[in-house]
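The values are calculated or read from the model by the stated rules, or taken from the named source; none is laboratory data. On a predicted model such as this, the values are computed, not experimentally measured, just so you know. Positions of Cβ are generated from backbone atoms using ideal geometry, with glycine treated the same way; all protein chains shown enter the neighbour counts. SASA here: full protein model, heavy atoms, side chains in, ligands and nucleic acids out. Shrake-Rupley method; radii C 1.70, N 1.55, O 1.52, S 1.80 Å.
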Amino acid sequence: CYARNAPLPSRHERPSDMDIHSMLDAKRIILELKGGTKQDVLLEMIDMLGKSEGVTDANALKKAILDREEIMSTGVGLTIAVPHAKLPSVKQFTLGLARSTRGIAYDSLDGKPVSVIVMIAAPDNDQNTYLRVLAAAMHVLRNEQNRKAILASRSPEEVIAVFKKAAE
C-alpha cells in the first residue's frame with residue numbers, strides 16, 4: 001500500500017503538485033454506490049473503470065484489483081479506500097471515485113466503514129508517476145475538509161472541483 005512504501009516527495013515535488021483532478025472524469029464518479037459489500041462496490045467500480053478509454057482489458061483490471069485486496073485491504077483508514085493496480089492493458093492513468101453515505105464494511109486498517117473510494121488503474125511501466133498519483137490522492141483524502149466536501153458534493157463536477165482546489 002502507498003502509505004507504507006512510497007518515498008517521501010522531495011521539497012520541490014509535493015503530492016499536491018500532481019493534478020489528479022485531470023485524471024478524473026465525471027463519467028467515472030459514482031455519487032452513491034449501489035452495493036452494500038466490499039466485493040459489490042469493488043465490482044461496481046471496476047465495471048465503471050473498465051469501460052474507460054484508458055483500460056483495454058476490464059477482466060485483467062478485475063483480477064488485479066480483487067487479487068490486491070486478498071493480499072491486503074486498501075482501506076487505509078479515515079473512511080477512505082484506495083484500490084489500485086498497475087497493468088500492461090492500462091494505457092493511461094485512469095481514476096474513478098465513488099461514495100457511500102451509509103458506509104461499507106471494508107476491512108480497513110482502522111476498522112471503520114469506508115465512505116470514499118478512489119480506484120486507480122495505472123500503466124505498469126511508470127512506477128514514479130504511479131507513486132505520485134497515490135500520494136496525491138491520499139494528500140487530498142487525508143484532509144477532513146476535503147472528505148466532507150466530497151461527501152457533500154451534489155454532482156461529479158463538484159467532486160472534481162474539490163481535487164482541483166486541493167492542487168492549487
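Computed values, structure above
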quantity: Test: residue in segment 144-153 that is under 18 Å from G36 (Cα atoms) and either open to solvent by less than 70 Å² (accessible area, probe 1.4 Å) or modelled with pLDDT of 95 or more (or both); calculated: yes
quantity: Those residues of segment 38-53 which are closer than 21 Å to Y106 by Cβ and open to solvent by 70 Å² or more (accessible area, probe 1.4 Å), in sequence order; calculated: Q39, D40, D47
quantity: When residues of segment 110-138 are limited to those that are open to solvent by 70 Å² or more (accessible area, probe 1.4 Å) and either modelled with pLDDT under 95 or more than 15 Å from I80 (Cβ to Cβ) (or both), the one farthest from the chain's Cα centre (by Cα); calculated: N125
quantity: For P7: the one exception among (1) in a loop (DSSP other than H, G, I, E, B); (2) open to solvent by less than 60 Å² (accessible area, probe 1.4 Å); (3) modelled with pLDDT under 95; calculated: (2)
quantity: Residues that are aliphatic (A, V, I, L, M) and without any contact (Cβ under 8 Å) to a residue 24 or more places away in the chain, drawn from segment 38-54; calculated: L43
quantity: Failed condition for S100, given (1) open to solvent by 10 Å² or more (accessible area, probe 1.4 Å); (2) of a type in the set (S, T, N, Q); (3) under 20 Å from A152 (Cα atoms); calculated: (1)
